[in-house]
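Chemist: Below is a structure I'd like to ask you about.
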Number of protein chains: 2
Amino acid sequence: MPEYKAPLRDMQFVINEVLQSGALYQSLPGYEEATDDLLMAVLEEAARFVEGEVAPLYHSGDEEGCQLNDGVVTTPRGFPEAYAKYVEMGWPSLSADKNYGGQDLPNLLGIIMNELTGSANWAWGMYPGLSHGAIRTLEEHATEEQKQQYLVPLISGEWTGTMCLTEAHCGTDLGLLRTRAEPQADGSYALQGTKIFISSGDHDMAENIVHIVLARLPDSPPGSKGISLFVVPKMKVNADGSVGERNGVNCAALENKMGIKASATCVLNFDGATGYLLGEPNEGLAAMFTFMNTARIGTATQGLAHAQLSFQGSLAYAKERLQMRSISGVKNPDGDADPIIVHPDVRRMLLTQKAFAEGGRAFIYYLGQLSDIVERGDEEQKANAFDQLAFLTPIAKAFLTETGFEAASHGVQVLGGHGYIKESGMEQIVRDARIAMLYEGTTGIQAMDLIGRKVLGSGGQLLRTFTKVVHQFCQQVEDRDDMAEFCHVLSGLNQEWGELTLKIGEAAIENPDEAGAAAVDYLMYSGYIVLGYFWARMAVVALDQLQEEGDGSFYEAKIFTARFYYQRLLTRTSSLREAILTGSDNLMDLEEQAFAF
Amino acid sequence: MPEYKAPLRDMQFVINEVLQSGALYQSLPGYEEATDDLLMAVLEEAARFVEGEVAPLYHSGDEEGCQLNDGVVTTPRGFPEAYAKYVEMGWPSLSADKNYGGQDLPNLLGIIMNELTGSANWAWGMYPGLSHGAIRTLEEHATEEQKQQYLVPLISGEWTGTMCLTEAHCGTDLGLLRTRAEPQADGSYALQGTKIFISSGDHDMAENIVHIVLARLPDSPPGSKGISLFVVPKMKVNADGSVGERNGVNCAALENKMGIKASATCVLNFDGATGYLLGEPNEGLAAMFTFMNTARIGTATQGLAHAQLSFQGSLAYAKERLQMRSISGVKNPDGDADPIIVHPDVRRMLLTQKAFAEGGRAFIYYLGQLSDIVERGDEEQKANAFDQLAFLTPIAKAFLTETGFEAASHGVQVLGGHGYIKESGMEQIVRDARIAMLYEGTTGIQAMDLIGRKVLGSGGQLLRTFTKVVHQFCQQVEDRDDMAEFCHVLSGLNQEWGELTLKIGEAAIENPDEAGAAAVDYLMYSGYIVLGYFWARMAVVALDQLQEEGDGSFYEAKIFTARFYYQRLLTRTSSLREAILTGSDNLMDLEEQAFAF
């Protein structure tokens, strides 16, 4: 059964050696203290915490699940205690605003903390994870009084947060939502309606829960233009900030799910619950997107987390399990058989997991840096980082969760039949990973956001912002023979990416369904190139370090994995491009009733 | 929640119109009665049975699972009753030998029966399914007395069978197995050892269970050359054939699995159990392969079954669920939103499921016909069918289970977050489908069987036997303009297949790891071409029928799905070919200890 060990060496490689975070944060006002050494010291401490307190609850949490009895939600054994330690150690406030009790460290660090808790135990990590988005929304849209009341205890971790969007009849299409908010004489609102799929909607880990709720004001315009944002506490808050009586929001049911069973997914009834308007009336949907973008990077991290955890589990097994002889000759003459890591196909699966996990790590940390630059960079840096972040977020969310699921499935496959047994711990990762392609916007929704809103919606400008980054990198290393195997391929694909986009854009002008027909394949195609960029960046650092240092095996494995990625995974772009170019007729030219069996 | 409806129209299309089974069986001695009408009449009756009795137990079986109490295994509610009806109606004996109570109908019919029960409820279908392999093994290797004793009640369904191969330390590598069989004075053997992962190893559905067991005789040669085959009944059998006292074989534990929870996966202890040698001493492994080949076609059918069931579930949802407007204009002006089947990406997922399910059906039924020709054809037909079957079986097993799992995952995706909830019934299909790539030889094992034993081992001859079939088909339709879009691609790939194989073969002469490095991608590449052949065969029939008949929508959908397959799925061969051609260095040139994190 895999027990997560934080890959600190790889984290350090990405943070310091590849992304040179120390130097970046020196240049960002207020982040000067975030040196390479400080970042790594914090992460080492965090790694000890998650390995010791959170990882051991991964499998037991799945077995036990959450319980609802008489309206009270109970999380699995050990969950509240681990959360109490997490709060006590100050982890929730890492990258939050110091004016409200935060430690004002870079967002990057908060994102890596999410990776650490999530790799150790994704379901556990969702409780503090959901708070993060609520914190962001309150920071941006709450009044000073609301911030003192809700933001401070959220940042300290004393309370947790949720996002209440989905209703039974509307998930993606939030314009259809029906929850209503009636103004009350005291300036508050009474909320009425039912929300579903509310992660951490109720639990026993904190004394209060701050719900961020989408609802309609009376006489609001229909559709998405009539949605407002409210803050609704589980327990009413007294004037002195202490927790008062119960508010009218209750968990009516817990969902019985494929995985993440230790995460309480609630049906929440708002029955005259007292809430307070956040921001302007009827502008709730736009405000909620603040929350959603943060959440999408968080969910992208789930792909990385599951790829890493399943890699750790199957790697240990592959080195240990003796079965069959290598076809190129006996490798373990003293044993009855060779360890299965000698078999080429087992290596193919392990390297696929490793390539997605470590490539995903570089991708996610880069997004973390961008989000810090958006907040603290100069105007020009901000604008560029904002554009890159807008472009890369849907790719990260969809691509890394799809590849994380693939990696988790390889993790089972390496173990053969044993991987299918719960005891092995590997099948849980597949079940847990499956949600990531669904929540916070499905892969299809991310793909439409990418091709429609981001790429075609900007006239291609957002794509060009990033292909320019890739192009500059390729130019920097074009004279190096040892990088030719990567940069020749990467610069070719970088150009092809633009040409392919142009073709889709032209076709979509004639027929918008052309964008929809290309969307998911285009997103995956883009994802492979983005990861190719990060693997090339890692390869060049590893090549340099290998010449200078003695830590050979780490850097050799990096270069080798980069090569594997280029030769066996990046090549998937060929088929994706071919499929994209076939257009929409092969999807749309059939009457709905002919879809039958 | 999807409740399986047998796709009788499609079954009829494949059986009669595409594969012209009636005409084939007219030409095979003893199968003359198997006319198209008879085959369809049997299937209609079978469909009524599985829809009415077996499908309703699919979800409850998963919820309840199997129980082990005081050594007694209990299957979920309704399972024994449905099995009793199944036996009463005579379904077990459909394609069995009439000398032992069988109905002597074609194997094809038995395989379709497996599809029907398995699509309705895979876990339930495994109980009679396992018997099928035991029957085949006894038919081939048992003495007349053993046949009367064990085969007759297996064929009637009164008893069920198992295959006992795996031990904790050996799955793929059966040469390592340790279970021992000591000769007794009366000519029987006393078996001692522990077998794991024994499907249907114990249950409450039949009064006796016939275990086919691999074990070692004393002083047998080490490794795979010292393995013999035994028949070991759960209950000893009296001379008159009645069930006697309990034998020394017991279920020590049930595995707690990701899916197929209603299938009892047993740890079986053989504690001096009385068994009888089947066939010659030390030739058990070869004899077991009789069983394995049958089982592999059975498992291939699981891929088809789950693709079909998940397609049915997500199709219904896609037509019903209203969410967002079509980007090319409102399609459902009377509703608040359009049904999600208007969205191109939803159609892409539905068509992928449909293409794998219906293509898989043609592939499986073709294998069924081949297995009948192997038994009843003339010498030349037999030899050709035997070669095709040897070549196609590992492809069917691995490719159809991989694509079945993909289809099942799309089935969840179409439902969005709702697909992740157990209530939807869709996530169960993913969990159930995941085992199919593992048992009866993993995808990697099938791939080595294909490239190593079958293709390179025959000097390419087995591949050529099948590419000739494809080539002849392409020649037959080469003058048809309406088939050009398919046959141009197919004949190109058919040729490329041979060339690619030659390259792998040449490389493998230098370095055997080259075969292992290519294996899985080569198998998948081959699978896409094989399915392309069947889609082209279906397309030409549909084009002809569309001109002649009024049943337009069915045939239009066939042609459309063929086109979709060619343009969006068969194109995956490009990336697979590219990956194959990169060779083994990108997998093997890294020391084992550098695989780390």
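Chemist: Where does the charge balance sit around B:GLU63 when Lys and Arg score +1, Asp and Glu -1, over other residues with C-beta under 11 Å from its C-beta?
Modeler: Numbers: positive: B:ARG77, B:LYS261, B:LYS422; negative: B:ASP62, B:GLU64, B:GLU423.
Once positives and negatives cancel, what remains is 0.
Chemist: Using amide H atoms built 1.01 Å from N in the peptide plane, name the residues 5+ places from A:TRP159, or on other chains, whose amide H lies under 5 Å from its own.
Modeler: Distant-sequence amide H within range of A:TRP159: A:LEU154.
Chemist: What is the spread of the Cα atoms of chain A along each of their three principal axes, largest first, in whole Å?
Modeler: 80, 61, 60
Chemist: Can I ask one more? For chain A, what is the percent of antiparallel DSSP beta bridges, rounded to the nearest 5? Kindly include the intermediate steps, with their values, before the conclusion.
Modeler: Working: 34 of 40 bridges.
The antiparallel proportion sits near 85 percent.
Chemist: Over the whole of B:401-409, what's the average partner chain Cβ count within 10 Å per residue? Rounded to a whole number, please.
Modeler: Values: counts 0, 1, 0, 0, 1, 0, 0, 0, 6.
Mean partner-chain Cβ count within 10 Å for B:401-409: 1.
Chemist: Can you sort B:ARG48, A:ARG325, B:ARG361 so the residue with the fewest Cβ neighbours within 10 Å comes first?
Modeler: Numbers: B:ARG48 11, A:ARG325 19, B:ARG361 27.
The most exposed by this proxy come first: B:ARG48, A:ARG325, B:ARG361.
Chemist: In straight Cα distance, which lysines are under 22 Å from B:LYS558, not counting same-chain residues fewer than 8 positions off?
Modeler: Cross-link targets: B:LYS5, B:LYS319, B:LYS354.
Chemist: Also, quick follow-up: Alpha carbons only, please: Rg and Dmax for the protein assembly as shown, in angstrom.
Modeler: Final numbers for Rg and Dmax: 30.4, 96 Å.
Chemist: Still on this structure, I have one more. What are the ³J(HN,Hα) values, in whole Hz, obtained from phi via the Karplus relation 6.51 cos²θ - 1.76 cosθ + 1.60 with θ = phi - 60°, for each residue of segment A:438-445 in sequence order, with x given for Gly and Pro?
Modeler: My calculation for segment A:438-445 gives 10, 7, 6, x, 4, 3, x, 6 Hz in order.
Chemist: Can you list, shortest first and in nm, the gaps between the label point of B:ARG480 and those of its counterparts in the other copies, using a point 7 Å from Cα in the C-beta direction?
Modeler: 5.6
Chemist: Further, regarding this structure: Using the Karplus equation 6.51 cos²θ - 1.76 cosθ + 1.60 (θ = phi - 60°), what ³J(HN,Hα) coupling, rounded to whole Hz, does each residue of segment A:579-596 give in order, writing x for Gly and Pro?
Modeler: 5, 4, 5, 6, x, 9, 4, 6, 10, 9, 7, 9, 4, 4, 5, 7, 6, 7
Chemist: Now for a different question. Between B:MET235 and residues 5 or more places away or on another chain, which pairs have amide H atoms under 5 Å apart, with H built 1.01 Å from N, and which residues are they?
Modeler: B:ILE209, B:ASN247
Chemist: Related question: Report, by chain and number, residues whose modeled amide H sits under 5 Å from the one on A:CYS164, excluding near sequence neighbours (fewer than 5 apart, same chain).
Modeler: A:ILE212, A:VAL213, A:LEU214
Chemist: Moving to a separate point now. Please give the helix A:513-548 orientation as an angle from the longest Cα principal axis of chain A, in degrees from 0 to 90, rounded to the nearest 10.
Modeler: Once rounded, one gets 60 degrees.
Chemist: Give me A:ARG9, B:ARG321, B:ARG434 sorted ascending by neighbouring Cβ count inside 10 Å, so fewest comes first.
Modeler: On the way: A:ARG9 11, B:ARG321 21, B:ARG434 27.
Ordered from fewest to most neighbouring Cβ atoms within 10 Å, A:ARG9, B:ARG321, B:ARG434 come out as A:ARG9, B:ARG321, B:ARG434.
Chemist: Now for a separate question. Within segment A:145-183, name every residue whose backbone N is under 18 Å away from a label modeled 7 Å from Cα of A:GLU283 along the Cβ vector.
Modeler: Correct set: A:145-147.
Chemist: Roughly how tilted is helix A:36-49, in degrees to the nearest 10 and between 0 and 90, from the longest Cα axis of chain A?
Modeler: 70 degrees
Chemist: So how strong a dipole does chain B carry about its Cα centre when Lys and Arg Cβ are +1 and Asp and Glu Cβ are -1, to the nearest 20 debye?
Modeler: 920 debye
Chemist: Related question: For a quick check: sort A:MET235, A:MET538, A:MET524 by the number of other beta carbons within 10 angstrom, fewest at the front. If you can, show how the numbers build up before the last one.
Modeler: On the way: A:MET235 17, A:MET538 26, A:MET524 22.
Exposure proxy ranking, most exposed first: A:MET235, A:MET524, A:MET538.
Chemist: Let me ask you something else. Please enumerate, by chain and number, the lysines with C-alpha under 18 Å from the C-alpha of A:LYS503, excluding those fewer than 8 residues away in the same chain.
Modeler: Here the lysines satisfying the reach criterion relative to A:LYS503 are A:LYS454.
Chemist: Under 18 Å from a point 7 Å along the Cα-to-Cβ line of A:GLU140: which residues of segment A:426-447 have their amide N that close?
Modeler: Hits in segment A:426-447 for A:GLU140 at 18 Å: A:440-441, A:446.
Chemist: Please average, across the residues of A:506-514, the number of beta carbons from any other chain that are within 10 Å of each residue's own beta carbon, and give a whole number.
Modeler: Working: counts 0, 0, 2, 0, 0, 2, 5, 8, 3.
Mean partner-chain Cβ count within 10 Å for A:506-514: 2.
Chemist: Give the longest segment of chain B that steers clear of GluC sites (Glu not before Pro) in DSSP loops with at most 13 neighbouring Cβ atoms within 10 Å, not counting the sites themselves. Show your work: numbers first, answer last.
Modeler: On the way: sites that count: B:GLU32, B:GLU33, B:GLU207, B:GLU478, B:GLU549, B:GLU591.
That would be B:208-477.
Chemist: Using 7 Å Cα-to-Cβ label points, what is the A:ALA185/A:ASP336 separation (nm, one decimal)?
Modeler: 8.3 nm
Chemist: Separate question: Starting at the first residue of segment A:345-360, write each ³J(HN,Hα) from the Karplus equation 6.51 cos²θ - 1.76 cosθ + 1.60 with θ = phi - 60°, in whole Hz, x for Gly and Pro.
Modeler: Using θ = phi - 60°, the values come out as 6, 5, 4, 4, 5, 4, 5, 5, 4, 5, 5, 6, 5, 6, x, x Hz.
Chemist: In straight Cα distance, which aspartates and glutamates are under 18 Å from A:LYS382, not counting same-chain residues fewer than 8 positions off?
Modeler: The qualifying aspartates and glutamates are A:GLU32, A:GLU140, A:ASP372.
Read-outs: derived from the displayed coordinates by stated rules, not from any lab. Remember, it's a predicted structure, so these values are computed and weren't measured experimentally. Don't worry about glycine lacking a Cβ; one is built from the backbone with ideal geometry, like all the others, and counts go over all protein chains shown.
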